Each structure stands twice: as structure tokens, then as C-alpha cells.
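Read through the structure below, which is laid out as C-alpha cells, and then see the notes.
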Amino acid sequence: MQWEALEPAELQRLVLAAVDPYVDRDVLARQVAREEAQRRALAAFLGGWDATGGARS
């Protein structure tokens, strides 16, 4: 049996092309927006802590 490796970019292209017809763009956009809001909230929370793990005054 012989195996040939695909370049990561080619594998990604193939997978994305295969699932693209099944992606609900509205649901995806809402999820991406929700994740970005969570990232901002986490960054703001972490910004309130100093290097020793204590809350900043």
C-alpha cells in the first residue's frame, strides 16, 4: 500500500470545498460574532489582573 501526503493547504482546501454546501452562513456569522465577543470579554477580564494573579486596584 502506498500513501502520498497532501500539503496542509491542499487538504484544507479539499475539506472546506466538501463541507461548504452544508454551511449555514447565518448561523456561522452569529457563532463567529459570539466567539469574538467572548474573546473581548476574556481579554478585558484578564487585563484586570496583575502578574501575580491579584486584581488590579
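As I understand it, the dipole of the chain uses +1 on the Cβ of Lys and Arg and -1 on the Cβ of Asp and Glu, about the Cα centre. Which of Ala55, Ala17, Ala37 lies farthest toward its positive end?
Going by the charge dipole, the pick is Ala55.
For the chain, with all protein chains present and a 1.4 Å probe, just round the carbon and sulfur fraction of the accessible area to a whole percent. Spell out each step's value before the answer.
Values: 3310 of 5460 Å².
Here carbon and sulfur together make up 61 percent of the probe-accessible area.
Looking at (1) 10.3, 33; (2) 17.0, 49; (3) 20.1, 64, which value of Rg and Dmax of the Cα atoms in Å comes from a calculation on the structure shown?
(3)
Just grab the label-to-label distance for Arg56 and Ala37, each label 7 Å out from Cα along the Cβ direction, in nm (one decimal).
So the two model labels end up 2.5 nm from each other.
Hey, can you find the accessible area per residue of the chain for me, probe 1.4 Å, expressed in square angstrom?
96
Out of Ala37, Ala29, Ala17, any idea which swings most in a Gaussian network model of the chain, alpha carbons joined below 10 Å?
Its mean-square fluctuation being the largest, the pick is Ala17.
Trypsin sites (Lys or Arg not before Pro) within the stretch 24-57: which are DSSP loop residues with at most 11 other Cβ atoms inside 10 Å?
On the way: sites: Arg25, Arg30, Arg34, Arg39, Arg40, Arg56; in loops: Arg56.
In loop regions of the stretch 24-57 (DSSP not H, G, I, E or B), the sparsely surrounded trypsin sites (Lys or Arg not before Pro) are Arg56.
I need the chymotrypsin sites (Phe, Trp or Tyr not before Pro) found in the chain, filtered to DSSP loop residues with at most 14 other beta carbons within 10 Å of theirs. Present the calculation step by step, with values, prior to reporting the outcome.
Numbers: sites: Trp3, Tyr22, Phe45, Trp49; in loops: Trp3.
Answer by residue number: Trp3.
The values are calculated or read from the model by the stated rules, or taken from the named source; none is laboratory data. From a predicted model like this one, the values you see are computed outputs, not experimental measurements. Cβ: placed from backbone, ideal geometry, glycine included. Neighbour counts: every protein chain shown. Only protein heavy atoms, including side chains, enter the accessible area calculation; ligands, DNA and RNA are left aside. Shrake-Rupley method; radii C 1.70, N 1.55, O 1.52, S 1.80 Å.
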